[in-house]
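In what follows, a single structure is set out as structure tokens and then discussed.
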Amino acid sequence: MGAQYSSLNDLKSNEYLSRFISEESISINDPFWNQFLSFRIQSPFTTTHSKLLDEACLTYLQQFALNNPKTNNYGTLIEIFNRLANVIRDEYNNHIIIYQTYNALLILRLITKFFIEIDSEQNLYSYFLSEDISSERISLMTIFVDTLFRTTIMLP
């Protein structure tokens, strides 16, 4: 994860992953996100590979779950995904944006799956809070699901 081809063996030494799961809240405008989402990893197309990915990420997901209530990096990553997915509509030939969007979605999939497995349905909603939690704002969960739906329809 972060500006190069990655393998599951590289997770321990990945500075971007370490920062993402740490106690540091990362702003939506931090250049970190461009670096963090600029990696290439073999897509988990099989159940076996998906399980290997889940197992390799387990320790990091546990640490992330402990720190996310303070950092809300999950909510920020959802906002980053929403932003990238909206950019794809105008720049569908930009391979960097496509990779970053895919990588954001892959990471969100891993985290969301983990949260669903370890937490109650009542507590899941709190993970979808954005930094701007005014009553007039549409929930981040609603925006995320809408963006996810539109992105899967729009992309080949």
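Residue by residue through the range 59-65, what is 3J(HN,Hα) from phi via Karplus (6.51 cos²θ - 1.76 cosθ + 1.60, θ = phi - 60°)? Round to whole Hz and write x for glycine and proline.
4, 5, 5, 5, 5, 4, 4
May I ask you to evaluate 6.51 cos²θ - 1.76 cosθ + 1.60, the Karplus curve with θ = phi - 60°, for each residue of the range 28-45 and list the ³J(HN,Hα) values in order in whole Hz, giving x for glycine and proline?
In residue order, the calculated couplings are 4, 9, 6, x, 3, 4, 4, 6, 4, 8, 9, 9, 10, 9, 4, 5, x, 7 Hz.
Which log10 I(q)/I(0) values does the range 19-62 give at q = 0.20, 0.23, 0.26, 0.27 Å⁻¹ under the Debye formula, counting every alpha carbon as one identical point scatterer?
Listed by q, the Debye log ratios stand at -0.83, -0.93, -0.99, -1.00.
Out of residues 5 or more away from Ser38 or on other chains, whose amide H comes under 5 Å of its own, with H placed 1.01 Å from N in the peptide plane?
Residues meeting the criterion, in which the H sits 1.01 Å from N, are Gly2, Ala3.
Computed FRET efficiency, Cβ-Cβ of Val145 and Ile118, R0 25 Å: what is it to the nearest 0.05?
Step by step, r from the Cβ atoms, then E = 0.75.
Considering the dipole of the range 1-119 built from charges on the beta carbon (Lys and Arg +1, Asp and Glu -1) around the Cα centre, which of Thr71, Phe81, Ile41 is farthest to its positive end?
Ile41
Could you order the peptides 16-25, 79-88 from most to least packed, using the average number of other C-beta atoms within 10 Å per residue?
79-88, 16-25
Using each residue's phi in the range 99-116, evaluate 6.51 cos²θ - 1.76 cosθ + 1.60 at θ = phi - 60° and report the 3J(HN,Hα) Karplus result to the nearest Hz, with x for Gly and Pro.
3J(HN,Hα) across the range 99-116, in whole Hz: 4, 5, 5, 4, 5, 4, 5, 4, 5, 4, 4, 4, 5, 4, 4, 5, 4, 5.
So what's the Cα pair-distance distribution over the range 46-154, bin width 10 Å, in %?
13, 43, 35, 9, 0
Read the figures in this text as sums done on the coordinates, not as results from a lab. In this text, all values refer to a predicted model and were calculated from it rather than measured experimentally. Note: ideal-geometry Cβ built from the backbone for every residue, glycine included; neighbour counts use all protein chains shown.
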